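Enquirer: A single structure is presented below for examination.
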Amino acid sequence: MPETTWTGSLHQTFRLVGAQSRTLVPFLESDGLTQEQVLDRLPYDEARAQARGGGNGRPDPKRYRDAKQVYQTVGLLFEREDGRLKVTDLGRATLRWTRFINDKNSVILAKHAAYALSACQLRNPSGAGRKYGDDMLVFPFQFIWKAMLALDGKISSDELNRALFRVQNEDDLQDAISRISETRRSGQLADLGDEVITGEKKNDRIIPWISLASFGWTLFPDKRGGEDGTYYRLPRPTMGIVREAAQIRHKHRNFASVESYIEYVSRSACLPEDLR
C-alpha cells in the first residue's frame with residue numbers, strides 16, 4: 001500500500017553550520033565516483049566496520065546509502081544510472097561554503113538553499129519518494145516553514161510527529177496548523193492525535209526532517225541548546241528568507257527520473273553563475 005504519512009526513512013541528519021556532518025565534504029568531493037570509491041573516503045570506526053562488514057575492515061555500505069539519501073533529498077547530489085555520483089550545482093556551491101561558513105555569513109547560501117528546498121516534493125522518483133501515493137501533494141519543507149510562520153515562528157517535534165507528518169495537501173496543512181494552535185491554547189497534546197513515528201528512537205527519525213528543512217541549521221538552529229529545548233524557532237536574520245521561499249508557488253510534478261528531479265531542485269536554487 002502507498003504511504004499516506006511522512007515516513008521516518010531518513011537515518012542521518014544534515015549539519016552544515018558548526019560541527020559539520022563528517023560525511024558531507026567526502027560526498028561533495030566525490031563527483032563521478034562509484035559507491036566503493038566513496039566508501040573508501042568516508043570516516044568510520046574500524047571496529048564497527050569489522051563487526052558489521054564481516055571483518056573486512058571496510059565501512060558498512062549502509063553508511064553510503066544513508067548519507068546519499070540525505071544529501072540527495074535536498075538536491076546536493078544523486079546517483080547516475082551507471083552507479084556513479086553526480087554532484088549538482090547546489091552541491092558544488094555548498095562544498096565551497098563548507099570551508100568558511102558560520103552563523104554570520106550563512107544567510108547568503110541559505111537564501112539559495114531555501115529556493116531549492118521549496119521545490120522538494122515528498123512524492124518523487126527517488127527510492128523513498130516512490131513509496132507515496134498520487135494523493136500526496138506535499139512540499140515537505142515549504143509545509144514545515146508555513147506551519148512555523150503561522151505558529152509564532154516555531155514548531156515542536158511533537159507537533160511535527162502528530163500533525164504535520166499526516167498532511168497530504170495544502171488543505172490538510174491549514175487544518176493541522178489550526179489544530180496545533182488550539183492544542184497550544186488547551187495544553188492537551190493528545191488532541192493532535194497519535195504519533196506517526198513511534199519507538200524509543202523516534203527522535204532520531206524526526207530530527208533528520210527538520211535538519212533538512214533548515215538546510216543543515218542555516219535557516220534556523222537546532223533546538224538543543226535553545227531557549228527551552230522544545231521548539232525549533234525561526235530567527236530574525238532568516239525569517240524573511242523563509243517567508244519568501246514559503247510563498248513560491250510550485251506545481252507538483254511527475255518526474256521521469258531521479259536525475260531530472262534532483263537537477264530541477266538544484267536549478268531552483270537560482271545560483272549565480274560561477275565565473276571562476
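Enquirer: If I filter the stretch 130-142 down to residues being part of a helix (DSSP H, G or I) and at pLDDT 95 or above, which single residue comes out as surrounded by the most Cβ atoms within 10 Å (Cβ to Cβ)? Write out each step before concluding.
Expert: Our first condition is that a residue be part of a helix (DSSP H, G or I); within the stretch 130-142, this holds for 130-131, 140-142.
Pick out the ones that are also at pLDDT 95 or above and you get 140-142.
On the way: Pro140: 20, Phe141: 29, Gln142: 25.
For the stretch 130-142, the residue satisfying everything is Phe141.
Enquirer: Looking at the stretch 231-264, which of its residues are touching a strand residue (DSSP E or B) at 6+ places or on another chain (Cβ under 8 Å) and closer than 20 Å to Arg15 by Cβ?
Expert: Selection gives Tyr231, Tyr232, Arg233, Leu234.
Enquirer: Evaluate the following for Gly127: is it over 22 Å from Glu259 (Cβ atoms) and surrounded by fewer than 21 Cβ atoms within 10 Å (Cβ to Cβ)?
Expert: Against the criterion (over 22 Å from Glu259 (Cβ atoms) and surrounded by fewer than 21 Cβ atoms within 10 Å (Cβ to Cβ)), Gly127 does not qualify.
Enquirer: For the stretch 202-276, which helices (runs of 4 or more DSSP H) that fit wholly inside it have 1 or more residues that are farther than 25 Å from Asp103 by Cα?
Expert: On the way: elements: 202-213, 236-246, 258-267.
Filter on the stretch 202-276 gives 202-213, 258-267.
Enquirer: Could you check the stretch 1-28 and list, in sequence order, the residues that are in a loop (DSSP other than H, G, I, E, B), within 20 Å of Asp222 (Cα to Cα) and of a type outside the set (Ser, Thr, Tyr)?
Expert: Gly8, Leu10, His11, Gln12, Phe14, Arg15, Leu16, Val17, Gly18, Ala19, Gln20, Arg22
Enquirer: When the residues of the stretch 80-121 are narrowed to those that are in a helix (DSSP H, G or I), among the basic types (Lys, Arg) and more than 26 Å from Lys146 (Cβ to Cβ), which ends up most open to solvent (accessible area, probe 1.4 Å)? Steps first, please.
Expert: Our first condition is that a residue be in a helix (DSSP H, G or I); within the stretch 80-121, this holds for 89-97, 106-118.
Cutting the leftovers down to among the basic types (Lys, Arg) gives us 92, 96, 111.
Now narrow it down to the ones that are more than 26 Å from Lys146 (Cβ to Cβ): 92, 96.
Details: Arg92: 91, Arg96: 75 Å².
Per the criteria, the residue is Arg92.
Enquirer: Looking at the structure I just gave you, is Thr73 in contact with a helix residue (DSSP H, G or I) (Cβ under 9 Å, 6 or more places away or on another chain), of a type in the set (Ser, Thr, Tyr) and either open to solvent by 20 Å² or more (accessible area, probe 1.4 Å) or modelled with pLDDT under 95 (or both)? Talk me through it step by step, then tell me what you get.
Expert: Details: in contact with a helix residue (DSSP H, G or I) (Cβ under 9 Å, 6 or more places away or on another chain): yes; of a type in the set (Ser, Thr, Tyr): yes; either open to solvent by 20 Å² or more (accessible area, probe 1.4 Å) or modelled with pLDDT under 95 (or both): yes.
For Thr73, the condition - in contact with a helix residue (DSSP H, G or I) (Cβ under 9 Å, 6 or more places away or on another chain), of a type in the set (Ser, Thr, Tyr) and either open to solvent by 20 Å² or more (accessible area, probe 1.4 Å) or modelled with pLDDT under 95 (or both) - is met.
Enquirer: Answer yes if at least one residue in the stretch 183-191 is assigned to a helix (DSSP H, G or I), at pLDDT below 95 and in contact with a helix residue (DSSP H, G or I) (Cβ under 7 Å, 6 or more places away or on another chain), and no otherwise.
Expert: Yes, the conditions are met somewhere in the stretch 183-191.
The values are calculated or read from the model by the stated rules, or taken from the named source; none is laboratory data. Remember, predicted model here, so these are calculated numbers, not experimental data. Every residue, glycine as well, gets a Cβ built from its backbone with ideal geometry; the counts of neighbours run over all protein chains shown. What goes into the accessible areas is simple: the full protein's heavy atoms, side chains included, and nothing from ligands, DNA or RNA. Shrake-Rupley method; radii C 1.70, N 1.55, O 1.52, S 1.80 Å.
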